[in-house]
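Visitor: Structure in structure tokens, see below.
The values are calculated or read from the model by the stated rules, or taken from the named source; none is laboratory data. Because the structure is a prediction, the values reported are computed rather than measured. Methodologically, a virtual Cβ is constructed for each residue, glycine included, from the backbone with ideal geometry; neighbour enumeration extends over all protein chains shown. These area figures cover heavy atoms from the full protein model, side chains too; ligands, DNA and RNA do not enter into them. Shrake-Rupley method; radii C 1.70, N 1.55, O 1.52, S 1.80 Å.
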Amino acid sequence: MLFCGICGRRLSTRYTGNGGLYPSYDCNSRSRDASPLRHCMSLPAKPLDDAIAARLLIAVTRLTIKLALEALTNLEARDKAISAQWHRRIERAR
């Protein structure tokens, strides 16, 4: 999710050119708000997408994947325990 540096609202994706070959990120909040200005900002998607992909590849390592999977396992175990507790309460209520 990307946000406008001017108004702080979310940017939307727009595809232009020959069959939509050229994506860009646009803030069209001012046009939605009936402001005379058409866009707060518009920028080509490729440089921004490349920068985000590079940062993502740096951030996602074997260790971070391992930690995420461990956290998911812990959350699933906690959810299972809470669910079992609620089932026991329902059975006692019956």
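Visitor: Using a probe of 1.4 angstrom, how much of the accessible area of the chain is carbon and sulfur, in percent?
Guide: Result for the chain: 60 percent of the exposed heavy-atom area is carbon or sulfur.
Visitor: Between helix 45-59 and the chain, what is the angle of the helix's C-alpha long axis to the longest principal axis, kept within 0 to 90° and rounded to the nearest 10?
Guide: With both axes taken from Cα atoms, the answer is about 30 degrees.
Visitor: If I histogram all Cα-Cα distances within the chain using bins 5 Å wide from 0, what percent of pairs lands in each bin?
Guide: Bins of 5 Å from zero give 3, 11, 11, 12, 10, 9, 9, 9, 9, 8, 6, 3, 1, 0 percent of pairs.
Visitor: Let me ask something additional. With each pseudo-label sitting 7 Å past Cα toward Cβ, what's the Arg88-Leu48 distance in nm, one decimal?
Guide: Spacing of the two 7 Å Cα→Cβ label points: 5.1 nm.
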